[in-house]
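Contents: one structure, followed by commentary.
The values are calculated or read from the model by the stated rules, or taken from the named source; none is laboratory data. Bear in mind that the values here come from a model prediction, so they are computed numbers and not experimental data. Every residue, glycine among them, receives a Cβ derived from its backbone with ideal geometry; neighbour counts consider all protein chains shown. Only protein heavy atoms, including side chains, enter the accessible area calculation; ligands, DNA and RNA are left aside. Shrake-Rupley method; radii C 1.70, N 1.55, O 1.52, S 1.80 Å.
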Amino acid sequence: MKKYIFGALASTIIAFATAFFWHLLLFKNLYEQLGVIGRIEPNIPIGFIATLALSLILSYLYPKLASGENNFIESGVRFGVTIGILNIIFWVLKFAATQPLSSVPVFMVTESVFEILQLVLIGIALGFVYRKKI
């Protein structure tokens, strides 16, 4: 249970930090030009609930999908890429298909890179939390 809580906590911190840096600092102007950022201020409580829910699920799934690996970095990267691809399918493609974006390809590439990067970092953190101690 301790690893589950630490995994969820690490996932939540990484998710917020990477999303803030990527969307509100590094690529804020691009996202505004694309028409992705439409709110004047984000709804933090809903974002927190969504991030926490995803973090709890990822911390639950990690030992079931990536257990038994000797190299926690390698298994974390594999886990992150797998979940990142699912996020691209479930989120990026649907958003691109339904929202009036100024450039669908630019959005898809930028957001897909973000999804993979964020989830690989989360996967590595989960790999560290759940690693087998030798």
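To the nearest 10 degrees, how steeply does helix 2-19 sit against the main Cα axis of the chain, on a 0 to 90 scale?
The angle comes out at about 20 degrees.
Quick one: order Lys28, Lys2 from most to least accessible surface, probe 1.4 Å.
Numbers: Lys28 80, Lys2 150 Å².
Largest accessible area first, the residues go Lys2, Lys28.
Under the definition of Cα pairs under 8 Å and six or more residues apart, what whole-number percent is the relative contact order of the chain? Don't skip to the end; give the middle numbers.
Details: 130 pairs, mean separation 53.6, N = 134.
Relative CO of the chain lands at 40 percent.
When the helices in the chain are scored as -39500 (n - 2.57) per DSSP H run of 4 or longer and the sum is shared across all residues, what 222 nm value do you end up with, to the nearest 500 deg cm²/dmol? Let's see the in-between values first.
On the way: 6 runs with 97 residues, N = 134.
That calculation yields -24000 deg cm²/dmol at 222 nm.
As I understand it, the value is the acute angle between the Cα axis of helix 104-130 and the longest principal axis of the Cα atoms of the chain; what does it come to in degrees, rounded to 10?
Roughly 20 degrees, rounded to the nearest 10.
Mind checking which of Val109, Val77, Val120 has the largest fluctuation in a GNM of the chain, springs on alpha carbons under 10 Å?
In this elastic network of the chain, the residue with the biggest mean-square fluctuation among Val109, Val77, Val120 is Val109.
What's the extension gain from Thr82 to Lys3 if we count 0.36 nm per residue and subtract their Cα-Cα distance? Write down the numbers at each step before the final one.
Numbers: separation 79, 0.36 × 79 = 28.44 nm, distance 2.11 nm.
Fully extending the segment from Thr82 to Lys3 adds 26.3 nm.
Please find, in a Gaussian network model of the chain (springs between Cα atoms separated by less than 10 Å), the residue of Asn43, Asn70, Asn87 whose mean-square fluctuation is greatest.
Largest GNM mean-square fluctuation: Asn43.
Would you look at the GNM of the chain, springs on alpha carbons closer than 10 Å, and say which of Ser103, Ser55, Ser11 moves the most?
Greatest mean-square fluctuation among the candidates belongs to Ser103.
So how strong a dipole does the chain carry about its Cα centre when Lys and Arg Cβ are +1 and Asp and Glu Cβ are -1, to the nearest 20 debye?
Numbers: 10 positive and 6 negative charges, 112 e Å.
Here the size comes out at about 540 debye.
Ignoring any ligand, DNA or RNA, what whole percent of the accessible area of segment 25-134 comes from carbon and sulfur when the probe is 1.4 angstrom? Present the calculation step by step, with values, prior to reporting the outcome.
Working: 4660 of 6830 Å².
Its accessible area is 68 percent carbon and sulfur atoms.
For helix 72-87, report the angle its Cα long axis makes with the longest principal axis of the Cα atoms of the chain; keep it between 0 and 90° and round to the nearest 10°.
40 degrees
Going from most exposed to least, what order do Glu115, Glu32 have by accessible area with a 1.4 Å probe?
Numbers: Glu115 10, Glu32 85 Å².
Ranked list, largest accessible area first: Glu32, Glu115.
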